[in-house]
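The block underneath contains the structure these notes are about, expressed in structure tokens.
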Amino acid sequence: MFSCGVDIFAATRLCALASGSPILLHDVKNLRRSLQQGESLASHMQRRPDIYPGSFGQFVLAGEEAARMEPMFRSIREFYDGEVSHRLKALTSMIEPMMMTVIALIVGFIVVSLLLPLHSFISQIGT
């Protein structure tokens with residue numbers, strides 16, 4: 001958004017709306033007040049570790065100090081995209097064995113439910 005000329009107030013509000021998080025939507029108002037009072041974006045984010053991860057605040061601080069916010073936000077996006085991808089792979093690798101176990105139990109139940117009446121029928125014929 002910065003490359004398109006959107007100001008920081010509109011950009012943060014639009015990002016909060018896009019996230020759908022009521023916590024971020026509420027904090028955008030506080031963020032706007034902090035910025036209007038002359039506080040930096042990074043210091044506001046670092047004061048709220050319950051909302052913004054520490055690494056996010058560090059990235060923003062580095063971008064502010066270098067006066068290059070746009071490339072820094074691009075780096076943040078790439079970093080968190082990789083983080084999400086890594087966690088998703090870890091989650092799917094944990095879910096796969098559980099799914100195999102559930103499928104094995106279902107197949108085992110079906111086999112037993114088919115063989116038990118068959119065994120009972122064969123034993124009645126033999127007597």
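Scanning the range 1-30 for residues that are over 17 Å from Ala67 (Cβ atoms), polar (S, T, N, Q) and in contact (Cβ under 8 Å) with a residue 12 or more places away in the chain returns Thr12, Asn30. The residue that is farthest from the chain's Cα centre (by Cα), counting only those in the range 41-90 that are outside any helix (DSSP H, G or I) and under 22 Å from His26 (Cα atoms), is Arg48. Residues that are among the β-branched types (Val, Ile, Thr), touching a helix residue (DSSP H, G or I) at 6+ places or on another chain (Cβ under 7 Å) and modelled with pLDDT under 85 within the range 1-34 comprise Ile8, Thr12, listed in sequence order. Of the residues in the range 31-44, not one is touching a residue at least 40 places away in the same chain (Cβ under 8 Å), surrounded by 11 or more Cβ atoms within 10 Å (Cβ to Cβ) and not charged (D, E, K, R).
The values are calculated or read from the model by the stated rules, or taken from the named source; none is laboratory data. No experiment lies behind these values; they were computed from the predicted model shown. Heads up, the Cβs are rebuilt from the backbone with ideal geometry, glycines too, and the neighbour counts pull from every protein chain shown.
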